[in-house]
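Undergrad: Take this structure first; my questions come after.
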Amino acid sequence: RLIVAAFTFAALWGFALSITRYSIPEEMEEGSFVANLATDLGLDVRSLVKRRAKLDVIHSKNYFDFNKETGELIIREKMDRESICMTKTTSCFLKMDVILENPIRIFNIELEIMDINDNAPVFRRRTMPLDISEATPPGERFSLTNAVDADVGANSIKTYYLSESKYFIIDIQTGSDGSKYVDLVLSGHLDREEQAVHNLILTAVDGGVPPRSGTASIIINVLDINDNAPLFSQPVFAVNVSENSAAGTVVMTLNASDLDEGTNSQLTYSYTLYTSEKTQELFSLDPNSGEVKVKGVIDHEESQSFEMHIQAQDRGANPLSGHCKVMVFIIDLNDNYPEVTIKSLKSALSEDVSVGTLIAVVSVSDRDSGVNGEVQLTLNHQQTLPFMLNRSSEGYYELLVSKPLDREIVSKYDIILRVTDKGSPPLSENETITLEILDINDNAPAFSQSFYTIHVVENNVPGALLTSLSAFDPDLNENQYLVYFIMEKEIVNTSMSMLFSINPENGDLYALKTFDYERERDFLFHIEARDSGVPPLSSNVTVHIIVLDQNDNTPLIVSPWRARGSVVEEVIPRSTDKGHLVAKVIAIDADSEQNSRVTYQLLQISDASLFSLDQYNGEIRTTRMFSYRDPRQQRLVIVAKDNGEPSLSATVTIKISTVEHVMSFSETTELPLEYDVFTDLNLYLVIGLGAVSFLLLITILVIIVLKCQKPKPKAIKIPPANRNSVISRNSVISQRSSTIADSTLISSDAYWYSLFLAETRKGKVVVRQPIIPKGAGYFVSSIPRSIGPSETTDSRASTLE
């Protein structure tokens, strides 16, 4: 196996070392046929694709295409031999490999690019000027720039030719590498006066077929012998220049003359050592034209004049020179802005400083001279500023306070000082001084309004936020920090601090207790805001707390009288006419306004066609006369409902009994009326009315006693006819009395008065005790009328009347 492997490697190496060479000229057209590699390499065309044949160009751009179908090598792109082989050698090769797989075989191919005469000789310098003195002897040699040809071999430069001249010839020489060199040889004496310039044409020709050539122009200047020095028209020149002239501005042009010709008359201008470096930095001198131009910035304030020493030197072999002096005077312009300098400055002032206080000392200056240097200092918007300028001395001003300062109006001033000179056009400059105004405690806190009205709904939660009373103090820092507190005031032996609390930092006002509209309607007190300045300033505001009513009280039925949970009984004759007032329901509500407006409704009724209820005054009246079909007892359930939201109500049950004849007398009964809800005002009214009622009762009792002491008259029988008249008369009296109690009672006093009239109309006397302890009731004594046919004494009858 080792022997077989060795032979195989040797065979492959032999194949790799075999080189196939081709030669083609450069500049072949694209698509040109080079060779059939399959045929030349002995390969089967059909196996090229199968064995993945490919062309690999080594160290060069690929200028070829390899057709795997035919095995042909084709030109892809034109080739320039001079670009491929940069070195000028006679041979130029492209190396490439043809690589096959399965098995791997590599074929080395060398492609020689043959040169063609596609490049003409070119001179590196198309024009070659030569300066030759007219004193140069014949035979003098002058080297010329040789031509180059990119082609090689026979296509390279072969010889040179010179145009016809009786003064010059050329000498061609060959270098060691075969290149041709040429020298120009002076063959005769030159005479500048006869011919100052000689124009010659040098031609280089290569050896190609057909030959190519290139030319260059030789310009020979015959130099004059220098025997005349340059001369200026005058030794001293004077010129005026404005300062700040732009760079490049021509100051003057010097023009010296030289009687020589050619280079001997060509002059070069330059500064001599007597000219200062500063002058040379500001002014430039053209060495050829003699123009003096502005080069730097000319400032009259630095120097008013400049002195230049200038020489003109010719270009002869032995140069000669001439000298002159130029005086440049600088004209002043208004080119300097006036300057403001702050000598002394107070950057902060208290707002209570007096008028005339010194703020700053300012100096002004201008580097210009004459009118251009005269300056004036002003304040921008001086009419609106509380400051003024006072000129203390030449060039110095004082900035003073001219009006009282107020930090709360303006806390900082940007004072713009404007200085202007009197030049044409005038120049100005601004300087800004920032002045901060320091605060003092000169402003008391101020509330947004002087009187606050705050509405609070009763039954509020203790600690509830009522409002936020914030004051504003335009001062700063501790002068602005406010503390709020309630000014002490007692209401009914109660301090305001027990009812309300205020946050000392932000002025939030809180209620400390639950308010009851029926006991407390409003509060009036003062809140003070005090700053932390020295001395502190303060202001106060009046706060009016108004307690709003809630519907938290149920209507209380006070008439007709009944014990708690009992049924009210009323007795009326069956002969009652239509519209007869049976009873009057009166309810009171401790709330106010809409919450206390009570309306009445029939909740239950035995016969809806028999009775009607006025929803506003609570009167129960008959809507028709009783019939024999109507039951003797009627039951009515009446609800008294307030107008709150949600509404509250109370009910009363009235049992109405009808009789044929009304009883003469009945025992006096007492019906306690529970009334637990009393305000202080109602209590006073009850005590007063009770006292009056008590006196009235005593008076009636005294009259009855006096009547009883009279002799008893005989009983008088009243016939039935008269009995009816008595009943009708009593009805008239009842109707007349009922008109007094036709209105709904609002206050407790009006209620008791109406109740008294309504009950006495039916023969009942209402008595209230002078002092009513809590839980005690009212007593209603009922005295029925005696209108029947029973026998009564005159005193009793008169008493009833």
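Undergrad: Residue under question is ASP224, and the condition is that it be more than 21 Å from ARG315 (Cβ to Cβ), charged (D, E, K, R) and surrounded by 12 or more Cβ atoms within 10 Å (Cβ to Cβ); does it hold?
TA: No.
Undergrad: Name the strands (runs of 3 or more DSSP E) wholly inside region 545-625 in which the number of residues that are of a type in the set (Val, Ile, Thr) and over 30 Å from VAL456 (Cα atoms) is 3 or more.
TA: So the answer is 568-573.
Undergrad: A further question follows. Restricting to region 57-73, and then to whatever is in contact (Cβ under 8 Å) with a residue 24 or more places away in the chain and open to solvent by 70 Å² or more (accessible area, probe 1.4 Å), can you tell me which residue is farthest from GLU30 (Cα to Cα)?
TA: Checking each candidate, the answer is HIS59.
Undergrad: Pick out the one residue from VAL355, VAL362, VAL371, VAL340 that is in a helix (DSSP H, G or I) and more than 30 Å from ASP131 (Cβ to Cβ).
TA: VAL371
Residues checked against (1) at positive phi; (2) under 44 Å from the mean Cα position of the chain (by Cα); (3) open to solvent by 70 Å² or more (accessible area, probe 1.4 Å); (4) of a type in the set (S, T, N, Q):
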{"position": "ILE486", "(1), (2), (3), (4)": "no, yes, no, no"}
{"position": "LYS489", "(1), (2), (3), (4)": "no, no, yes, no"}
{"position": "ILE502", "(1), (2), (3), (4)": "no, yes, no, no"}
{"position": "ASN506", "(1), (2), (3), (4)": "no, yes, no, yes"}
{"position": "PHE515", "(1), (2), (3), (4)": "no, no, no, no"}
{"position": "GLU518", "(1), (2), (3), (4)": "no, no, no, no"}
{"position": "PHE523", "(1), (2), (3), (4)": "no, no, no, no"}
{"position": "GLU528", "(1), (2), (3), (4)": "no, yes, no, no"}
{"position": "ASP531", "(1), (2), (3), (4)": "no, yes, no, no"}
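Undergrad: Among the strands (runs of 3 or more DSSP E) lying completely within region 74-134, list those that include at least 2 residues that are surrounded by 17 or more Cβ atoms within 10 Å (Cβ to Cβ) and not assigned by the TED database to the domain that holds ALA204.
TA: 93-100, 105-114
Undergrad: Mind listing whichever residues of region 334-372 are polar (S, T, N, Q) and either over 15 Å from LEU417 (Cβ atoms) or open to solvent by 70 Å² or more (accessible area, probe 1.4 Å) (or both)?
TA: Across region 334-372, the qualifying residues are ASN334, ASN336, SER347, SER350, SER354, THR357, SER369, ASN372.
Undergrad: Being acidic (Asp, Glu), surrounded by 15 or more Cβ atoms within 10 Å (Cβ to Cβ) and assigned by the TED database to the domain that holds ALA150 narrows it down to one of ASP260, ASP191, ASP206, so name that one.
TA: ASP206
Undergrad: So, one more: Go over the candidates LEU435, LEU385, LEU417 one by one and state the one that is open to solvent by less than 40 Å² (accessible area, probe 1.4 Å), in contact (Cβ under 8 Å) with a residue 24 or more places away in the chain and within 24 Å of ASN334 (Cα to Cα).
TA: On inspection, the qualifying residue turns out to be LEU417.
Undergrad: Go through region 596-652 and report how many residues are on the phi > 0 side of the Ramachandran plot and touching a helix residue (DSSP H, G or I) at 6+ places or on another chain (Cβ under 9 Å).
TA: Final tally of qualifying residues: 0.
Undergrad: Just the residues that are part of a loop (DSSP other than H, G, I, E, B) and touching a residue at least 12 places away in the same chain (Cβ under 8 Å), please, taken from region 34-56.
TA: LEU43, VAL45, ARG51, ARG52, ALA53
Undergrad: So, one more: Just checking, does region 575-585 include any residue being of a type in the set (Val, Ile, Thr) and more than 20 Å from ARG621 (Cβ to Cβ)?
TA: No, region 575-585 has no match at all.
Okay, residues lined up against (1) touching a Phe, Trp or Tyr at 6+ places or on another chain (Cβ under 6 Å); (2) open to solvent by less than 40 Å² (accessible area, probe 1.4 Å):
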| site | (1), (2) |
| --- | --- |
| LEU548 | no, no |
| ILE557 | no, yes |
| GLU570 | no, yes |
| SER596 | no, yes |
| GLN601 | no, no |
| GLN615 | yes, no |
| THR623 | no, no |
| PHE626 | no, yes |
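Undergrad: Is one or more of the residues making up region 285-297 in contact with an Asp or Glu (Cβ under 9 Å, 6 or more places away or on another chain) and among the hydroxyl-bearing types (Ser, Thr, Tyr)?
TA: no
Undergrad: Which of (1) more than 24 Å from ALA590 (Cβ to Cβ); (2) without any contact (Cβ under 8 Å) to a residue 24 or more places away in the chain is the odd one out, the single condition LEU524 does not satisfy?
TA: It is condition (1) that LEU524 fails.
Okay, residues lined up against (1) out of contact with any Asp or Glu (no Cβ under 8 Å at 6 or more places or on another chain); (2) in a loop (DSSP other than H, G, I, E, B); (3) touching a residue at least 12 places away in the same chain (Cβ under 8 Å):
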{"position": "ILE218", "(1), (2), (3)": "yes, no, yes"}
{"position": "SER233", "(1), (2), (3)": "yes, yes, yes"}
{"position": "ASN240", "(1), (2), (3)": "yes, no, yes"}
{"position": "SER245", "(1), (2), (3)": "yes, yes, yes"}
{"position": "GLY248", "(1), (2), (3)": "yes, yes, yes"}
{"position": "ASN255", "(1), (2), (3)": "yes, yes, yes"}
{"position": "ASP260", "(1), (2), (3)": "no, yes, yes"}
{"position": "THR268", "(1), (2), (3)": "no, no, yes"}
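Undergrad: How about region 312-337: which of its residues are of a type in the set (Lys, Arg) and either not assigned by the TED database to the domain that holds VAL241 or not in a strand (DSSP E or B) (or both)?
TA: ARG315
Undergrad: Right, here's the next one. Determine whether ASN146 is at pLDDT below 85, surrounded by 14 or more Cβ atoms within 10 Å (Cβ to Cβ) and not charged (D, E, K, R).
TA: no
Undergrad: Right, next: Given the residues ASN477, ASN460, ASN430, which is the only one that is of a type outside the set (Gly, Ala, Ser), in contact (Cβ under 8 Å) with a residue 12 or more places away in the chain, assigned by the TED database to the domain that holds LEU509 and exposed (fewer than 13 other Cβ atoms within 10 Å of the Cβ)?
TA: Step by step, each of ASN477, ASN460, ASN430 is checked, and only ASN477 is of a type outside the set (Gly, Ala, Ser), in contact (Cβ under 8 Å) with a residue 12 or more places away in the chain, assigned by the TED database to the domain that holds LEU509 and exposed (fewer than 13 other Cβ atoms within 10 Å of the Cβ).
Undergrad: Taking the conditions exactly as written (at positive phi, under 60 Å from the mean Cα position of the chain (by Cα) and in contact (Cβ under 8 Å) with a residue 12 or more places away in the chain), does GLU593 satisfy them or not?
TA: It is true that GLU593 is at positive phi, under 60 Å from the mean Cα position of the chain (by Cα) and in contact (Cβ under 8 Å) with a residue 12 or more places away in the chain.
This table checks each residue for (1) open to solvent by less than 70 Å² (accessible area, probe 1.4 Å); (2) part of a strand (DSSP E or B).
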{"position": "ARG391", "(1), (2)": "no, yes"}
{"position": "LEU400", "(1), (2)": "yes, yes"}
{"position": "ASP406", "(1), (2)": "yes, no"}
{"position": "VAL410", "(1), (2)": "yes, no"}
{"position": "TYR413", "(1), (2)": "yes, yes"}
{"position": "ASN441", "(1), (2)": "yes, no"}
{"position": "ALA444", "(1), (2)": "yes, no"}
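Undergrad: I need a count of the residues in region 59-91 that are in contact with an Asp or Glu (Cβ under 7 Å, 6 or more places away or on another chain) and not aromatic (Phe, Trp, Tyr).
TA: Number satisfying all stated conditions: 9.
Conditions tested, residue by residue: (1) over 18 Å from GLU291 (Cβ atoms); (2) among the hydroxyl-bearing types (Ser, Thr, Tyr).
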site	(1), (2)
GLU302	yes, no
ILE310	no, no
ARG315	yes, no
PRO319	yes, no
CYS324	no, no
ASP335	yes, no
THR341	yes, yes
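Undergrad: Suppose we filter SER321, SER365, SER347 for residues that are in contact with a strand residue (DSSP E or B) (Cβ under 7 Å, 6 or more places away or on another chain) and free of Cβ contacts under 8 Å to residues at least 40 places away in the same chain; which single one remains?
TA: SER365
Undergrad: Also: For SER176, state whether it is part of a loop (DSSP other than H, G, I, E, B), polar (S, T, N, Q) and without any contact (Cβ under 8 Å) to a residue 12 or more places away in the chain.
TA: Against the criterion (part of a loop (DSSP other than H, G, I, E, B), polar (S, T, N, Q) and without any contact (Cβ under 8 Å) to a residue 12 or more places away in the chain), SER176 qualifies.
The values are calculated or read from the model by the stated rules, or taken from the named source; none is laboratory data. Every value quoted in this text rests on a predicted model; they were computed, and no experiment measured them. With ideal geometry, Cβ positions are generated from the backbone for all residues, glycine too; neighbour counts draw on all protein chains shown. For the accessible areas, the whole protein counts, side chains as well, though only heavy atoms, and no ligand, DNA or RNA atoms are used. Shrake-Rupley method; radii C 1.70, N 1.55, O 1.52, S 1.80 Å.
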